[in-house]
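Peer 1: Provided herewith is a single structure, encoded as structure tokens, for subsequent inquiry.
What follows draws every value from the coordinates through simple rules; no lab data is involved. The model shown is predicted, which means the values in this text are computed figures rather than measured ones.
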Amino acid sequence: MLSTRTALDRRALITGRVLAAEPVVAPPSGEIASIIVQTRPDQLDHVSAEILALSGCEIHGRDERGKLIVVVDAPNAGALGATMTTISAIPCVHSACLVFHAIDAG
């Protein structure tokens, strides 16, 4: 018994399109990150207010020596990067360092 062979496309095989006729759609995801922000101690209140005004930002820790623990919840990596850049550009912020990053696949 002869069967017809169809040429398999490697990309279609890897993404699962060989098994289904409809295209594969990635589930909605979100990104969460923890950032340590260093500022001058006398500017903590000002910098905290600026960060809390940003969408998706929460402050979960504060050190009177000028450190803030910021958690950012963003819809995608681009929005997360833009938020980190905005935090870094706040006057009196010396550094904003990424400490933790996770992707929530829904």
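Peer 1: Once every Cα of the range 49-106 carries one equal point scatterer and solvent is ignored, give the base-10 log of I(q)/I(0) from the Debye formula at q = 0.24 Å⁻¹, two decimals.
Peer 2: -1.10
Peer 1: Now for a separate question. Please give the Cα centre distance for the range 73-106 versus the range 33-49, rounded to the nearest Å.
Peer 2: Going from one Cα centre to the other spans 14 Å.
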